[in-house]
Amino acid sequence: MLRTKVLVVGGGPAGSTVARFLSKQGIDTILIERDFSFVKPCGGAIPDAGLSDLGISEEVAKKNIKKIKIISPKSAAIDIELKGGFIAIVKRGEFDSLLREKAKANGARLIEAEFKGFDETGKQITAAVHINGKEERIKSDYLIAADGVNSRVRQAMGLNLPPAVYTLTGKIKNMAVDACEFWFSEAHASKSYSWVFPTVEGISAGTGSPDARELRGMLKEFGERRGLPADYSPTRMYKVPLWSGELYNKDNILFVGDAAGQVMPLTYEGMYYAMKAGEFAAMAIMAEKPSDYKKLWRKRFNSRFVIMKKLCDYFLKNDRTAEKLISIYKREEIQAATMRLWLEKSSDGRSLISFVNFFRKALS
């Protein structure tokens, strides 16, 4: 049986960040990941201020994007320049590996292993895992569930998985764009948006819907509207969790990233918030107060998540409300307030207050 202070289940950005912060403080940490070669379908976008906030060099960015484009159901298009910052595009496989190596350099133990369930939970936690096909046990004082939207830890504890939007996406190598494009229409995105994002070797194009059965037809519709190659073939389907803010910890088991549904409503930005959740969870464990994790998260992010969920529920109802959203974004002050909120990642509440006030005026 292996023994550690903290067992981290999941080697993505959230889990790696927990392991990095804990091991830096000399706290014995084991991180397990079922497949270190796994690359999550993801646009790989994170604001530069988010990298700085987490002590990650901007050199990880393969591309720096300084413009976004939003397109309404009736094809009204707005280009928004990102002033005072940029969106860093990272290569997810390389980025995840880099974060794990940072944790390892601090002293964390990395093991390719599959979480299978619990023998016991409480003050002492014993997890059953498979390492190289052999059954093993890992005993720990704390466990971090960073194992994604289909979290096996949640399931092993009898907890429901978070509600989710299904996405279908693929890469196109012979195309290039200089902006992150967000396309709205019920015809090709339900309660979500379709997108074209720059990648290291071309573009990523995809769409989302709560109903996975709609996706192929919707992506075909979007491809025709956007002018994607006729032979474009999407390759990956994945779920993006919908945030509810209900799950943080169950005693000494803490949930971070997609396993906790920590994806920003409306924009569906996840990497930065997953990594910050990892930092907060590490801080709570350092203090030996797992309930502090919820307090840290809610103090920093709860207000903006609640507001963005309300905006998402309202503006993504149908084409009429989506048109209203894009018409509001014709106003430069709305653009500026949104970009400050998105790019700066500051804990200062003034950007959020400014953002809310502009929307109140626009909707009054």
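Here are the numbers for the structure shown:
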{"read-out": "For T167: the one exception among (1) over 20 Å from R92 (Cα atoms); (2) touching a residue at least 60 places away in the same chain (Cβ under 8 Å); (3) crowded, with 24+ Cβ neighbours inside 10 Å", "value": "(1)"}
{"read-out": "Total residues in the range 118-141, condition under 14 Å from K5 (Cβ atoms), basic (K, R) and at pLDDT 95 or above", "value": "1"}
{"read-out": "Checklist (1) touching a residue at least 40 places away in the same chain (Cβ under 8 Å); (2) surrounded by fewer than 17 Cβ atoms within 10 Å (Cβ to Cβ); (3) assigned to a loop (DSSP other than H, G, I, E, B) applied to E136, failing item", "value": "(3)"}
{"read-out": "Number of the condition not met by D79 [criteria: (1) in a strand (DSSP E or B); (2) modelled with pLDDT under 95; (3) over 30 Å from K67 (Cβ atoms)]", "value": "(3)"}
{"read-out": "Residue match in the range 264-276 (condition: assigned to a helix (DSSP H, G or I), aliphatic (A, V, I, L, M) and without any contact (Cβ under 8 Å) to a residue 40 or more places away in the chain)", "value": "no"}
{"read-out": "Residue in the range 229-240 that is modelled with pLDDT of 95 or more and farther than 19 Å from G43 by Cα present", "value": "no"}
{"read-out": "Condition met for G122 (in a loop (DSSP other than H, G, I, E, B) and at positive phi)", "value": "yes"}
{"read-out": "Hits in the range 20-76 (condition: among the acidic types (D, E), crowded, with 17+ Cβ neighbours inside 10 Å and not in a strand (DSSP E or B))", "value": "D48, D53"}
{"read-out": "Filter result for the condition that a residue is of a type in the set (F, W, Y), under 30 Å from A176 (Cα atoms) and surrounded by 21 or more Cβ atoms within 10 Å (Cβ to Cβ), over F315, F222, F280, F255", "value": "F222"}
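Per-residue answers, yes or no, for (1) in the same structural domain as I30 (by TED's automatic domain parsing); (2) hydroxyl-bearing (S, T, Y); (3) more than 17 Å from the chain's Cα centre (by Cα):
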| position | (1), (2), (3) |
| --- | --- |
| G261 | yes, no, no |
| P265 | yes, no, no |
| A274 | yes, no, no |
| A284 | yes, no, yes |
| Q335 | no, no, yes |
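The values are calculated or read from the model by the stated rules, or taken from the named source; none is laboratory data. Only a predicted model underlies this, so the values are computations on that prediction, with no experimental measurement involved. So basically every Cβ, Gly included, is an ideal-geometry build from the backbone, and we count neighbours across all protein chains shown.
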